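> Got a structure here, written out as structure tokens. Questions coming.
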Amino acid sequence: MVQQKICDDYDLKMCLKTLKRFIKSSCNLAWKRVRKSLKCKRNQKLFKEQQKVLKKLSKKHERGEIKLFYYDQSGFNLTPNVPYAWQGKDCEHLLPSSSGGHHNVLAMISPDNEFKSYIVKGRVDSEVAIDVLRGFFKNKRKNQKYVIVLDNAPIHTSELFLDFIEECRNKNIEFEFLPPYSPELNKIEILWNLIKTKWLPLGYTSCSETMVSSLINVLSNIGVKYRMNFV
């Protein structure tokens, strides 16, 4: 009876392997990880229109007519993103992981990798975001026009932040809001992924101090040692 069950299990595994090979070769399909997406929630027409707007802004940036920046914030804590790594067949890398140590990075990056960032421990609200952006704009040349691309997060649509936008218009700074559920249009999202999965060293989550020092090292070298491809 036990031997019959083993044979049945073996036959089932072989059938599944045969079925996978058939699907792969006959249906042009691949067995790969399913990814999360917000596409089903967004307005595709607005998405495509915004793509055209961003393309025009990029051309203006290339011609030196404006300084285009993509702005966003991202959280970092002691629970690591799990990257790929070369590992021996008989051993594996084990990453330290724990709760806590949460820090936010507010940053902006241009298509030519001009980068500004600020680390905030704890919660970020509209007031914090405004203070950080004021710091980013501190050394802006008076006649240089800035265009800042950002999402519709609540801290960016509050009355306080909208008043700040009005204030910025008088300083030749404009904000370009993205349509809802369109993170792909904010190029800085690519940067966050690179930092978390490629640029931060393995084991950076061993403790809060190590995480912050590793993060500072990466952030201070973006545009020099670390560069993002906008194409």
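The values are calculated or read from the model by the stated rules, or taken from the named source; none is laboratory data. None of these values were measured; they are calculated from a predicted model. For neighbour counting, all protein chains shown are included, and Cβ atoms are generated from backbone atoms with ideal geometry for every residue, glycine included.
> Within the set of pairs 6 or more residues apart or between chains, which connect a residue that is under 13 Å from residue 160 (Cβ atoms) inside the range 126-145 to a residue that is small (Gly, Ala, Ser) with Cβ atoms less than 8 Å apart?
These pairs meet every condition: 126/158.
> Taking into account only those residues within the range 210-229 that are more than 15 Å from the chain's Cα centre (by Cα) and among the polar types (S, T, N, Q), which is farthest from residue 190 (Cα to Cα)?
If we take residues in the range 210-229 being more than 15 Å from the chain's Cα centre (by Cα) and among the polar types (S, T, N, Q), then 210 is farthest from residue 190 (Cα to Cα).
> Then there is this: Test residue 130 against the criterion of being surrounded by 10 or more Cβ atoms within 10 Å (Cβ to Cβ), modelled with pLDDT of 70 or more and within 18 Å of residue 196 (Cα to Cα), and give yes or no.
no
> Does residue 162 satisfy the condition of being modelled with pLDDT of 95 or more and surrounded by 18 or more Cβ atoms within 10 Å (Cβ to Cβ)?
Criteria not met by residue 162.
> Would you tally the residues in the range 209-228 being in contact (Cβ under 8 Å) with a residue 24 or more places away in the chain and either more than 25 Å from residue 121 (Cβ to Cβ) or surrounded by 17 or more Cβ atoms within 10 Å (Cβ to Cβ) (or both)?
Summing the residues that are in contact (Cβ under 8 Å) with a residue 24 or more places away in the chain and either more than 25 Å from residue 121 (Cβ to Cβ) or surrounded by 17 or more Cβ atoms within 10 Å (Cβ to Cβ) (or both) in the range 209-228 gives 7.
> Being surrounded by 10 or more Cβ atoms within 10 Å (Cβ to Cβ), more than 15 Å from the chain's Cα centre (by Cα) and modelled with pLDDT of 95 or more is true for just one of 95, 54. Which residue is that?
54 is the lone residue from the list that is surrounded by 10 or more Cβ atoms within 10 Å (Cβ to Cβ), more than 15 Å from the chain's Cα centre (by Cα) and modelled with pLDDT of 95 or more.
> Go through the range 154-181 and give me each residue that's of a type in the set (A, V, I, L, M) and closer than 22 Å to residue 44 by Cα.
If the condition is that a residue be of a type in the set (A, V, I, L, M) and closer than 22 Å to residue 44 by Cα, then 178 is the only one that fits.
> For the range 183-205: of the residues being more than 12 Å from the chain's Cα centre (by Cα) and either hydrophobic (A, V, I, L, M, F, W, C) or within 30 Å of residue 41 (Cα to Cα) (or both), which is modelled with the lowest pLDDT?
202
> So, residue 173, is that one hydrophobic (A, V, I, L, M, F, W, C) and in contact with an Asp or Glu (Cβ under 7 Å, 6 or more places away or on another chain) or not?
No; evaluated as a whole, the condition is false for this residue.
> In the range 20-51, which residue that is in contact with a Phe, Trp or Tyr (Cβ under 7 Å, 6 or more places away or on another chain) and either assigned to a loop (DSSP other than H, G, I, E, B) or closer than 16 Å to residue 187 by Cα (or both) is modelled with the highest pLDDT?
42
> Which condition number in (1) surrounded by fewer than 16 Cβ atoms within 10 Å (Cβ to Cβ); (2) touching a Leu at 6+ places or on another chain (Cβ under 9 Å); (3) modelled with pLDDT of 75 or more; (4) not hydroxyl-bearing (Ser, Thr, Tyr) is the one that residue 85 fails?
Every listed condition holds for residue 85 apart from (3).
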